[in-house]
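Read through the structure below, which is laid out as structure tokens, and then see the notes.
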Amino acid sequence: MVVLAGIGGAFFAFNGHHSLTTSKPQHINLVALGDSLTEGVGDEKKQGGYVSQIKSKLESKQNVKVSTANYGVAGNRSDQIEKRLKTQPKFQKTLKNADVIVMTVGGNDLFQRLQQEMFVSSTTTVKKDMSTALDTYQDKLTSLMTEIRKVNPKAPLFLYSIYNPVYVYFANVSLISQSVADYNEAAKKTAQADGHAYFVDINHDLSDGQYNTKAKRAKLVKQNKNVNGQGLNLARYNDVMSEQHKNSNIYISNDDHFHPNHKGYGIMTNHLYKVMMAHRDQWER
């Protein structure tokens with residue numbers, strides 16, 4: 001009886017301890033802000049892009065309950081995102097209560113400028129103008145980050161890189177890919193200066209798509225030279241933007257050849273999840 005009592009006591013002690021350590025799911029508020037990539041444009045399943053996917057992934061793999069707020073607006077540049085934050089009290093209040101902040105920014109800053117420059121200026125002028133535009137972008141991104149930190153100084157911020165949505169059609173046009181790389185380097189430095197911001201690099205996965213080896217990319221560059229010549233032709237660019245093409249990127253929407261499709265948002269989600277897990281001490285309690 002003494003032995004049985006001891007076993008019974010051990011059994012109930014174990015179960016008591018187990019019940020105490022099985023906690024309720026942690027609740028986190030994830031606030032996403034930015035441009036069309038946060039809004040979810042291009043997701044043919046109409047499920048909200050990476051915002052809904054990261055919510056599902058965190059809840060299925062971690063002991064968390066996630067509430068999300070989406071402040072992505074298609075077409076917004078960095079200065080327009082900042083203006084919305086400064087002038088919209090609801091946006092400010094929601095961001096203030098965020099445990100996690102995720103942001104997409106920079107694509108419109110870059111590509112709106114590239115479209116203005118590449119078809120009307122000489123190569124020398126374009127390079128000079130793009131260098132000036134890069135400096136302006138870094139200043140604007142720093143200003144945006146400063147404004148975010150005025151509202152919420154502590155929550156970890158996960159900043160997505162930008163990518164080259166038309167790489168598979170213009171792999172031989174180095175100015176586009178180099179500009180993307182330059183803007184990403186500026187964004188990465190800005191994130192590092194913040195101290196609680198982390199860069200989520202999606203550039204090559206989304207830009208390269210199925211051309212994911214050096215040999216495949218070399219073959220693509222050769223093909224593009226035969227079609228495009230040495231530069232970016234306006235007629236060819238408009239053709240790509242308005243038609244379906246056999247070389248389309250498997251992660252980019254065929255509707256506009258610019259935004260991620262559902263698979264592309266899955267790539268974004270996987271990268272975000274990986275970086276969030278690497279810095280889970282910043283948001284898990």
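The values are calculated or read from the model by the stated rules, or taken from the named source; none is laboratory data. Keep in mind it's a predicted model, so treat the numbers as computed, not measured. Note that we place each Cβ from the backbone using ideal geometry, even for glycine, and neighbour counts take in every protein chain shown.
Inspect the range 63-82 for any residue being under 21 Å from Lys274 (Cα atoms), surrounded by 13 or more Cβ atoms within 10 Å (Cβ to Cβ), of a type in the set (Phe, Trp, Tyr) and at pLDDT 95 or above and give the result as yes or no. No - not one qualifying residue is present in the range 63-82.
A quick yes/no check of all residues on (1) hydroxyl-bearing (Ser, Thr, Tyr); (2) in a strand (DSSP E or B):
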position: Asn29; (1), (2): no, yes
position: Asn70; (1), (2): no, yes
position: Thr94; (1), (2): yes, no
position: Ala98; (1), (2): no, no
position: Leu110; (1), (2): no, no
position: Ala133; (1), (2): no, no
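Considering (1) of a type in the set (Val, Ile, Thr); (2) over 27 Å from His279 (Cα atoms); (3) surrounded by fewer than 21 Cβ atoms within 10 Å (Cβ to Cβ), the lone condition that Thr142 does not fulfil carries the number (2).
Residues checked against (1) farther than 30 Å from Asn228 by Cβ; (2) within 21 Å of the chain's Cα centre (by Cα); (3) surrounded by fewer than 22 Cβ atoms within 10 Å (Cβ to Cβ); (4) modelled with pLDDT of 95 or more:
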| position | (1), (2), (3), (4) |
| --- | --- |
| Phe91 | yes, yes, yes, yes |
| Thr94 | yes, yes, yes, yes |
| Arg113 | no, yes, yes, no |
| Val126 | no, no, yes, no |
| Thr132 | no, no, yes, no |
| Arg149 | yes, yes, yes, yes |
| Phe158 | yes, yes, no, yes |
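Of all the listed residues (Lys225, Lys140, Lys216, Lys188), the sole one being touching a strand residue (DSSP E or B) at 6+ places or on another chain (Cβ under 9 Å) and of a type in the set (Lys, Arg) is Lys188. Kindly list, by first and then second residue, each pair from a residue in the range 54-82 that is of a type in the set (Lys, Arg) to a residue that is assigned to a strand (DSSP E or B), limited to pairs with Cβ atoms under 9 Å and residues at least 6 apart or on different chains. Correct list of pairs: Lys55/Leu30; Lys55/Val66; Lys55/Ser67; Lys55/Thr68; Lys65/Gln26; Lys65/His27; Lys65/Ile28. Select from the range 41-62 the residues that are more than 20 Å from Val275 (Cα to Cα) and in contact with a Phe, Trp or Tyr (Cβ under 7 Å, 6 or more places away or on another chain) and list them in ascending order. Passing the criteria: only Asp43. You will find that of Tyr167, Tyr265, the residue that is crowded, with 21+ Cβ neighbours inside 10 Å, out of contact with any Leu (no Cβ under 7 Å at 6 or more places or on another chain) and over 30 Å from Arg149 (Cβ atoms) is Tyr167 and no other.
Of all residues in the range 162-205, those satisfying the criterion of being under 21 Å from Ala133 (Cβ atoms), within 15 Å of the chain's Cα centre (by Cα) and of a type in the set (D, E, K, R) are Glu185, Lys188.
The C-beta contact set for the range 197-225 (first residue closer than 25 Å to Asn270 by Cα, second residue in a helix (DSSP H, G or I) and of a type in the set (Asp, Glu), distance under 7 angstrom, 6+ apart or interchain) comprises Arg217/Asp208. Yes or no: Arg236 modelled with pLDDT under 95 and either of a type in the set (A, V, I, L, M) or part of a helix (DSSP H, G or I) (or both)? Answer is yes for this residue. Of the residues making up the range 182-226, those that are surrounded by fewer than 14 Cβ atoms within 10 Å (Cβ to Cβ), small (Gly, Ala, Ser) and assigned to a helix (DSSP H, G or I) are Ala193, Ala215, Ala218.
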